[in-house]
1. Please go through the stretch 152-161 and pick out each residue that is within 19 Å of Met135 (Cα to Cα) and assigned to a loop (DSSP other than H, G, I, E, B).
2. Taking the stretch 39-79 on its own, how many of its residues are at pLDDT 95 or above and more than 30 Å from Lys271 (Cβ to Cβ)?
3. Given Arg71, Arg86, which one is over 29 Å from Arg165 (Cα atoms) and open to solvent by 80 Å² or more (accessible area, probe 1.4 Å)?
4. Output the number of residues of the stretch 105-116 satisfying the condition of being open to solvent by 100 Å² or more (accessible area, probe 1.4 Å) and over 20 Å from Arg49 (Cβ atoms).
5. What single numbered condition from (1) within 25 Å of Pro235 (Cα to Cα); (2) open to solvent by 10 Å² or more (accessible area, probe 1.4 Å) fails to hold for Asn92?
6. Please go through the stretch 269-289 and pick out each residue that is basic (Lys, Arg) and touching a Lys or Arg at 6+ places or on another chain (Cβ under 9 Å).
7. Kindly evaluate Leu203 against the criterion of being closer than 20 Å to Gln127 by Cα, aliphatic (A, V, I, L, M) and open to solvent by 30 Å² or more (accessible area, probe 1.4 Å).
8. List, please: which pairs have Cβ atoms under 8 Å, are six or more places apart or on different chains, and start with a residue in the stretch 121-135 that is farther than 16 Å from Ala181 by Cα and end with one that is of a type in the set (Asp, Glu) and surrounded by fewer than 21 Cβ atoms within 10 Å (Cβ to Cβ)?
Amino acid sequence: MKPLVGKVAVVAGGTRGAGRGIAVMLGEAGATVYVTGRSVRGNPSSMGRVETIEETAEMVTAQGGQGIPIRVDHTVEDEVKELFERVKREQNGNLDLLVNDIWGGDSLTEWGQTFWEHSLSDGLLIQQLAVQSHMITSYYAAPLMVEKKKGLIIEITDGFDYRYRGNLYYSLAKVSVIHLAASMAEELRPYNVTALSLSPGFLRSEAMLDYFGVTEANWQDGVKKDPHFIMSETPFYIGRAVAALAADPEISKKNGMITTTWGLSDEYGFKDVDGRHPHWGNYAEEQGFYK
């Protein structure tokens, strides 16, 4: 019933949102999960959120896995290197899964601004936080997988193609990690290590619930503010998508692919934790979003 018992995962950026949902659902599947991020009890990150990596790790353990919180700034190479040295030491060199969900760009993205009106320093910082951090993390994780000739790297993104996403700097970051996954896939292929990218639909994160002024218990009231919120999904939905990918014995067939929560739910049959089966792809097509 727990297909990932004995498997070791690192969820980089597991403090909140998709990262927390992924870590917790890997715990539900029985995995040992290293939860990394900058927000720890008594020392939150500059984002000003209350969630911490310790809370996420405790949720992982409560679901039946083993959660291990480690404070890491993934833009700092020495901290990332030390993280994977610890994983190698504690897990006898085993690392089955890396999920790169480091973001931190919400407060930096100036929606409605052209790239020349947007703060250049903030735009470049988005690339550092959301792209370079992924590159640094994969750089130190990949050798563990290559040595054992097994493993999976998942790049969390927004969207399933290369189209413009409403802001140049945001778009560049989200498209870059899609290409990062595709490129890593080619170089990892000879070593039986898989890389792919994965996008959620309308993510009902903690910050999004706050924005709509609702809780998970009454989230549907958010439809009054945005009717598209009806098709939103909890962070645990993408978590179950990651768990399904990690448990797939034929995962190598998806090497380099761009995947989505709704597409994987069709394939693997999982549902969100509230019992729903949100399908952003079908909904977006019906709404004409992708014409």
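The values are calculated or read from the model by the stated rules, or taken from the named source; none is laboratory data. On a predicted model such as this, the values are computed, not experimentally measured, just so you know. Ideal geometry is used to build each Cβ from the backbone, glycine not excepted, and the neighbour counts take in all protein chains shown. Please note that ligands, DNA and RNA were not included when accessible areas were found on the heavy atoms of the full protein model with its side chains. Shrake-Rupley method; radii C 1.70, N 1.55, O 1.52, S 1.80 Å.
1. The first filter runs over the stretch 152-161 and keeps only residues within 19 Å of Met135 (Cα to Cα), leaving 152-158.
Answer for the stretch 152-161, where residues must be within 19 Å of Met135 (Cα to Cα) and assigned to a loop (DSSP other than H, G, I, E, B): Thr157, Asp158.
2. Residues of the stretch 39-79 at pLDDT 95 or above: 52-79.
When the remaining residues are screened for being more than 30 Å from Lys271 (Cβ to Cβ), the result is 70-79.
Going through the stretch 39-79 one residue at a time, the tally reaches 10.
3. On the way: Arg86 fails: open to solvent by 80 Å² or more (accessible area, probe 1.4 Å).
One residue alone meets the criteria, Arg71.
4. Of all residues in the stretch 105-116, those open to solvent by 100 Å² or more (accessible area, probe 1.4 Å) come to 107, 111, 115-116.
Now restrict to residues that are over 20 Å from Arg49 (Cβ atoms): 115-116.
Total meeting the criteria: 2.
5. Status for Asn92: all satisfied but (1).
6. Going residue by residue through the stretch 269-289, those that are basic (Lys, Arg) are 271, 276.
Of everything in the stretch 269-289, just one residue is basic (Lys, Arg) and touching a Lys or Arg at 6+ places or on another chain (Cβ under 9 Å), namely Lys271.
7. Working: closer than 20 Å to Gln127 by Cα: no; aliphatic (A, V, I, L, M): yes; open to solvent by 30 Å² or more (accessible area, probe 1.4 Å): yes.
Criteria not met by Leu203.
8. Every condition considered, the pairs that remain are Asp122/Glu110.
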